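These notes are about the structure you will find just below.
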Number of protein chains: 2
Amino acid sequence: MVAEKIKTMMESSSFIRKMFETGAKLKLEFGAENVYDFSLGNPAMDPPKEFTKILLEKAADHHMHRYMPNAGYVDVRKKVADYISSEQKTYITENDVVMTSGAGGALNTVLKTIINPGDKIIASIPCFMEYKFYCDNHGGELELVNGLEDFNLDIEAIETAITQKTAAVIINSPNNPSGRIYPQETIVKLSDMLVRKSKETGRTIYLISDEPYRKIIYNNIGVPSVMDAYKNSIVCTSYSKDLSIPGERIGWLTVNPNAEDYTNLINGIILCNRILGYVNAPALMQRTIAELQGISVDIDIYRKKRDFLVKKLKEFGYNFRIPDGTFYLFVEAPGGDDMEIVDLLKDEKILVVPGRGFSLPGYFRIAYCVSDSVIEGSMIGFKRTAEKLGLRQETK
Amino acid sequence: MVAEKIKTMMESSSFIRKMFETGAKLKLEFGAENVYDFSLGNPAMDPPKEFTKILLEKAADHHMHRYMPNAGYVDVRKKVADYISSEQKTYITENDVVMTSGAGGALNTVLKTIINPGDKIIASIPCFMEYKFYCDNHGGELELVNGLEDFNLDIEAIETAITQKTAAVIINSPNNPSGRIYPQETIVKLSDMLVRKSKETGRTIYLISDEPYRKIIYNNIGVPSVMDAYKNSIVCTSYSKDLSIPGERIGWLTVNPNAEDYTNLINGIILCNRILGYVNAPALMQRTIAELQGISVDIDIYRKKRDFLVKKLKEFGYNFRIPDGTFYLFVEAPGGDDMEIVDLLKDEKILVVPGRGFSLPGYFRIAYCVSDSVIEGSMIGFKRTAEKLGLRQETK
């Protein structure tokens, strides 16, 4: 029989399943092209041309599908490390990098390595709720603290939550679902606080930075380096979003070479990557992304989608903070009821995710990594819904 | 700091690390071509030509790297299901199949789905020791029982070990490290016993069959179907060994459609595949293997390697059971001390794995998935070691 915990998880996540079932039913009934599906962070954009070019080159060499060191090919890690060194303003070598099955694989591997039974991992609301499962997988517990109104981290709230049970803080910037980039001064403040609290609790509190949207940013805002700010830091990421290849499960993690307990940490991570059954990140994709450091899809396409959505939804009377990055728009649920607006939009064949999916029920998330026709086609539905709710339309 | 458990694991597996370090040192000192490395199940043989052909076709289509259903592409699962149906003599549909990150991913996903805290999973010695970690990952415990002298399952021993805490029995046939295929009558006997014990304990005992070596068999012996024999069965496998692509992390699991609690089981498995961070099996490899059902490397090449080794090692006086399948030879440690023979062979620059790595210290494992030159080059070292140990040479 199925484990009790898994049964409970299936029941508690049934609202998400129902949502997807409803979506699938709508698509079946009205045709997929008549449903405006903004529910998934699954980029419709093709990978950059360079990706396919390199992939074909690498795939033609049929000697390259064997096991390699569990951490990944040394030469691949070298290229990634060189890139990270400049991105994170910290000198990283191939020894500090582990190639992973996406950011999901990276996070699970890190969490398994550091969690003792009953440990807590702190994250700020709103956040990607798979973190809850990832912590639970390894006997830990995700502890959510409220963020600020503008979706920035509330450093005092995080500080208050820290106890001797706190193993790590996870941050995700640019943030899914809010699109918020935590500014440099916030990262420095967080770092100072973690140094102080680590001393106070007598325990190293690691900072895990989940950065799959680092390259998807607007107006050259830039994402501050956590490595540069805090020595006990671990960065996890994937090429899923910036190369539009989420199905391929390729990413990496890097441990700050100055981290406490560094040797155990990196060796423990390599062990956990193996024993969790990942063994190693997919070989061909490792070879491919090695040649694509710094490459991404054309972010300007996402900027245009964002700008169009921002302009129109403002006109219709919706309220939101303009995202600094990611391809998400996190919109206030008019009246505060996320399920009501999700249902109303569904009547317009528009699929979005209720804020409760990110622990913030007063909002809903629009994933605008879809084609322009989906965005344009949905406008009338967003407008009608706004009118139905009596939102105050902006005068043009 | 690193979790206590992970620290202990690192220490307890230090003998394996030391072995690999010694190997690496030998290769550095004498050149890789002068070291005979039989330690890893990492096929030196290239994948079949069809693999690279299909891979290049699929890689040229750059619209295919997105997320798909967590269980995998429906059309891929359909092709796999059709193949399994004939292989397992059980009607399997795409709904019963989940594409996974190799057999390691499949096993972890299944174990997470069925293990309640403190549950036991039974396996027969000798066996692949990663099972120990896989069970522990999800709060369970691997319980090892002795096999028979000829490496067949000891059904009575398994029966004796079963309690209400037993969630499943894992078998691996053809077996790593012994090369044993459990015969049809053993599978039937196991099945009858599990039916009886499930009734007795009031708990469904699942049979998990780990079958990555199913296609690597000699003399058309054939591997019996567990699906046909036992309804509460789950098959896990990968394309790592039979297509020589272990670095790519592609495999599948299938749940017997007649299994008890079937709906929860398959939905739980799909959930666990996602929340363990696998999310889905690598997209391009799914597309590729879909077209390669029933294809494998030329098994006759392994048969020739086996036959050569068997003939020579017998001549030198080593004792072993001739393997029915896999590319492993599990040899008695002369005098019974596996570490002694491993060390003696190391002096000849021959690397093998001591039997304790499979919970059977009286043996050592030769992984002969290496080039002929490695096998031939090692013969003098195997001979000298046999002479040193005073093994009785066969008269030709």
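Checking each residue in the range B:262-284 for being more than 7 Å from chain A (Cβ to nearest Cβ) and of a type outside the set (Phe, Trp, Tyr) picks out B:THR263, B:ILE266, B:ILE269, B:ILE270, B:ASN273, B:ARG274, B:ALA281.
Of the numbered criteria (1) of a type in the set (A, V, I, L, M); (2) closer than 30 Å to A:ASP46 by Cβ; (3) away from chain A (no Cβ under 14 Å), the one B:ALA60 fails is (3). Return yes when B:VAL353 is among the aliphatic types (A, V, I, L, M) and more than 21 Å from the chain's Cα centre (by Cα) and no when it is not. No, not satisfied.
Restricting attention to the range A:259-287, the residues that are in contact (Cβ under 8 Å) with a residue 60 or more places away in the chain and not in a helix (DSSP H, G or I) add up to 6. Taking the conditions (1) in contact with a Phe, Trp or Tyr (Cβ under 8 Å, 6 or more places away or on another chain); (2) closer than 23 Å to B:ALA32 by Cα; (3) open to solvent by 40 Å² or more (accessible area, probe 1.4 Å); (4) not small (Gly, Ala, Ser) in turn, B:ARG303 satisfies each one other than (2).
Under the condition of being in contact with a Lys or Arg (Cβ under 9 Å, 6 or more places away or on another chain) and modelled with pLDDT under 95, the residues counted in the range A:169-225 number 1.
Kindly indicate whether A:GLY325 is within 14 Å of chain B (Cβ to nearest Cβ), open to solvent by less than 10 Å² (accessible area, probe 1.4 Å) and among the small types (Gly, Ala, Ser). Against the criterion (within 14 Å of chain B (Cβ to nearest Cβ), open to solvent by less than 10 Å² (accessible area, probe 1.4 Å) and among the small types (Gly, Ala, Ser)), A:GLY325 does not qualify.
Of the residues making up the range B:14-28, not a single one is more than 22 Å from the chain's Cα centre (by Cα) and within 9 Å of another protein chain (Cβ to nearest Cβ). Restricting to the range A:322-376, name every residue that is within 24 Å of A:ILE299 (Cβ to Cβ), in a strand (DSSP E or B) and of a type in the set (D, E, K, R). Answer for the range A:322-376, where residues must be within 24 Å of A:ILE299 (Cβ to Cβ), in a strand (DSSP E or B) and of a type in the set (D, E, K, R): just A:ARG365.
Among the conditions (1) surrounded by 18 or more Cβ atoms within 10 Å (Cβ to Cβ); (2) within 24 Å of B:ILE54 (Cα to Cα); (3) away from chain A (no Cβ under 14 Å); (4) not hydrophobic (A, V, I, L, M, F, W, C), B:ASP298 misses just one, which is (1). When B:PRO69 is tested against the conditions (1) assigned to a helix (DSSP H, G or I); (2) touching a residue at least 24 places away in the same chain (Cβ under 8 Å); (3) open to solvent by 10 Å² or more (accessible area, probe 1.4 Å), the lone failure is (1).
A:ILE181 meets all of the listed conditions (1) part of a helix (DSSP H, G or I); (2) away from chain B (no Cβ under 12 Å) but one, namely (1). Under 6 Å by Cβ, and 6 or more places apart or on different chains, what pairs join a residue from the range A:181-200 that is at negative phi with one that is in a helix (DSSP H, G or I) and small (Gly, Ala, Ser)? If the second residue must be in a helix (DSSP H, G or I) and small (Gly, Ala, Ser), the pairs left are A:ILE187/A:ALA229; A:VAL188/A:ALA229; A:SER191/A:ALA229. Going by what's in this entry, would B:LEU292 be described as at the interface with chain A (Cβ under 8 Å from one of its Cβ atoms), over 18 Å from the mean Cα position of the chain (by Cα) and open to solvent by less than 20 Å² (accessible area, probe 1.4 Å)? In short, no. The strands (runs of 3 or more DSSP E) found entirely in the range B:205-258 that carry 1 or more residues being among the aromatic types (Phe, Trp, Tyr) and in contact with a strand residue (DSSP E or B) (Cβ under 9 Å, 6 or more places away or on another chain) are B:206-210, B:251-255. Against the numbered list (1) within 23 Å of the chain's Cα centre (by Cα); (2) farther than 19 Å from B:MET129 by Cβ; (3) among the basic types (Lys, Arg), B:ARG365 comes up short only at (2). The criterion of being of a type in the set (Ser, Thr, Tyr), in contact (Cβ under 8 Å) with a residue 40 or more places away in the chain, farther than 30 Å from B:ILE115 by Cα and open to solvent by 40 Å² or more (accessible area, probe 1.4 Å) does not hold for A:THR204. Restricting the range B:114-136 to residues that are within 11 Å of chain A (Cβ to nearest Cβ) and over 23 Å from B:ASP261 (Cα atoms), the residue that is farthest from the chain's Cα centre (by Cα) is B:ASP136. Of all residues in the range B:38-47, none are within 14 Å of another protein chain (Cβ to nearest Cβ), open to solvent by 60 Å² or more (accessible area, probe 1.4 Å) and out of contact with any strand residue (DSSP E or B) (no Cβ under 8 Å at 6 or more places or on another chain).
A:ALA3 falls short of the stated requirement of being in contact (Cβ under 8 Å) with a residue 40 or more places away in the chain, open to solvent by less than 40 Å² (accessible area, probe 1.4 Å) and either over 26 Å from A:ILE301 (Cβ atoms) or of a type in the set (Asp, Glu) (or both). Annotation: of all residues in the range B:72-89 being more than 20 Å from A:ILE250 (Cβ to Cβ) and aliphatic (A, V, I, L, M), the one that is surrounded by the fewest Cβ atoms within 10 Å (Cβ to Cβ) is B:VAL74. I'd like to check something: does the range B:141-159 contain any residue that is open to solvent by 60 Å² or more (accessible area, probe 1.4 Å), free of Cβ contacts under 8 Å to residues at least 40 places away in the same chain and among the β-branched types (Val, Ile, Thr)? No, the conditions are met nowhere in the range B:141-159.
The values are calculated or read from the model by the stated rules, or taken from the named source; none is laboratory data. What you are looking at is a predicted structure, and each value in this text was computed from that prediction instead of being measured. A quick note on method: Cβ atoms are made from the backbone with ideal geometry, for glycine too, and the neighbour counts reach across all protein chains shown. Side chains are part of the model used for accessible areas, which takes the heavy atoms of the whole protein and leaves out ligands, DNA and RNA. Shrake-Rupley method; radii C 1.70, N 1.55, O 1.52, S 1.80 Å.
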